[in-house]
Amino acid sequence: MIKDLAKIREYLTDYVEVEMPYEFPKNCPIHYITCSMDTEGNVLGDCFYPNHKFIRRCNDILIVEHNLSEKSVHICRRGKLGDIIYQSRFFIPDNIDDNIDDNKPQMGGSSNKESHDKISYQQNIIERLIERVREVEIQKNELNETISTYEGLLQEGRFKLKELSYELRRSTEKVEHYEELIPKLYNSR
């Protein structure tokens with residue numbers, strides 16, 4: 001941990017600050033500035049930590065290596081309500097090669113072409129899936145409109161059926177009334 005600004009400037013020569021979120025290459029050299037906190041969660045002050053290596057990222061934490069031991073570094077500190085109260089700053093070499101990984105061989109031209117072909121293939125699949133999703137959304141909207149139309153027609157049909165049922169009942173009552181009335185009229189002559 002360093003707090004001397006002159007030393008910090010020396011360490012940051014040929015280093016650039018990266019904006020988070022950033023995809024660090026594995027084993028990428030990192031210098032960072034983060035805060036120390038008290039037990040109540042208050043920020044005490046900034047500290048500079050040089051000569052670390054990126055290992056992996058877990059949510060709001062970077063796992064880095066320093067002197068063969070792993071250490072977690074908070075990308076940001078959050079308050080009790082989840083709001084960000086402090087943002088750590090990360091610096092990597094200006095001429096960083098994205099292929100830094102001591103565990104795998106450096107990629108040559110053919111591997112780059114293969115990677116490019118894979119990316120193109122995946123982008124093609126994504127574009128086709130996006131187009132298919134659009135088609136399905138259009139079909140869904142058309143079916144929703146058709147369903148709404150049929151529901152409206154069904155409601156109209158129910159209403160007309162109710163009217164016709166009522167009219168039939170009135171007609172049946174009239175016919176029954178006339179059937180009773182006709183014999184009485186016939187007998188009254």
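The values are calculated or read from the model by the stated rules, or taken from the named source; none is laboratory data. Keep in mind that what you see is a predicted model, and the values were worked out from it rather than measured. Neighbour counts run over all protein chains shown; Cβ positions are idealised from the backbone, glycine included.
If only one of ARG57, ARG9, ARG89 is more than 24 Å from the chain's Cα centre (by Cα), basic (Lys, Arg) and modelled with pLDDT of 85 or more, which one is it?
On the way: ARG57 fails: more than 24 Å from the chain's Cα centre (by Cα); ARG9 fails: modelled with pLDDT of 85 or more.
That would be ARG89, the only listed residue that is more than 24 Å from the chain's Cα centre (by Cα), basic (Lys, Arg) and modelled with pLDDT of 85 or more.
Restricting to segment 67-88, what's the tally of residues that are surrounded by 11 or more Cβ atoms within 10 Å (Cβ to Cβ) and outside any strand (DSSP E or B)?
Going through segment 67-88 one residue at a time, the tally reaches 2.
Sort through CYS35, CYS28 and tell me the only one that's among the hydrophobic types (A, V, I, L, M, F, W, C) and over 18 Å from PRO93 (Cβ atoms).
Values: CYS28 fails: over 18 Å from PRO93 (Cβ atoms).
On inspection, the qualifying residue turns out to be CYS35.
Please work out which one of (1) under 20 Å from ASP94 (Cβ atoms); (2) surrounded by fewer than 17 Cβ atoms within 10 Å (Cβ to Cβ) is the condition VAL64 fails and give its number.
All conditions pass for VAL64, except number (2).
Between a residue in segment 70-86 that is more than 14 Å from THR34 (Cβ to Cβ) and any residue that is of a type outside the set (Asp, Glu) and at pLDDT 85 or above, which pairs come within a Cβ distance under 9 Å, given they are 6 or more apart or on different chains?
GLU70/ILE55; GLU70/ILE63; GLU70/VAL64
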